[in-house]
Amino acid sequence: MRITGSVAVPLGEIVVRASRSSGPGGQHANVTASRIEVSFDVEASSALSRAQKERVRGRLGPVVRAVAQDGRSQQRNRELALERLRGRLASALHVQRARRATRPTKGSKVRRVEAKKRTGAVKRTRRRPGVDD
């Protein structure tokens with residue numbers, strides 16, 4: 001299963017369990033095991049590097065799980081659960097780009113000073129009139 005452009009997890013490392021669903025299913029809901037739970041053990045994975053394992057473990061824990069019981073069929077729920085697992089792993093593996101510090105523009109400085117002047121003027125109008133006024 002492809003997680004990102006450079007990371008793919010073999011389906012053999014993902015444990016799939018089926019159980020009875022509490023969701024839709026009509027008259028067969030009591031006898032069909034259509035709820036699917038997939039789990040992925042981060043430590044046992046050979047597809048992730050040490051740094052990737054640390055990142056995923058820090059964000060999602062040692063075992064990542066996803067559950068689907070939205071559809072009526074086991075196959076559809078299996079697809080949904082695998083897609084949810086893929087999304088969780090992809091978001092955990094995403095590395096935030098470092099912010100590059102920039103200087104404020106001349107326009108933003110002017111706007112800030114103008115806003116400060118307006119605020120000061122409003123506060124001046126709220127003062128009690130003095131002897132000179």
- Residue separation times 0.36 nm, minus the C-alpha to C-alpha distance between ALA98 and SER73: what's the value? 4.6 nm
- Within the set of other residues whose C-beta is less than 12 Å from the C-beta of ARG50, count the net charge using Lys and Arg as +1 and Asp and Glu as -1. +1
- Message: Give the residue list of GluC sites (Glu not before Pro) in region 1-108 that are DSSP loop and have at most 16 other beta-carbon atoms within 10 angstrom.
- Response: GLU43
- Message: Ignoring everything except DSSP H segments at least 4 long, calculate the 222 nm mean residue ellipticity for the chain; use -39,500 (n - 2.57) per segment, divide by total residues, nearest 500.
- Response: -13000 deg cm²/dmol
- DSSP loop trypsin sites (Lys or Arg not before Pro) with at most 15 other Cβ within 10 Å: longest gap in the chain: 21-96
- Report the local net charge at GLU79: Lys and Arg +1, Asp and Glu -1, summed over other residues whose C-beta lies under 12 Å from its C-beta. +2
- Angle between the chain longest axis and helix 50-60 axis [Cα atoms, degrees, rounded to 10]: 80
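No lab work stands behind these numbers, since they all come straight from the coordinates. Here the structure is a predicted model, which means the values were calculated and not measured. Methodologically, a virtual Cβ is constructed for each residue, glycine included, from the backbone with ideal geometry; neighbour enumeration extends over all protein chains shown.
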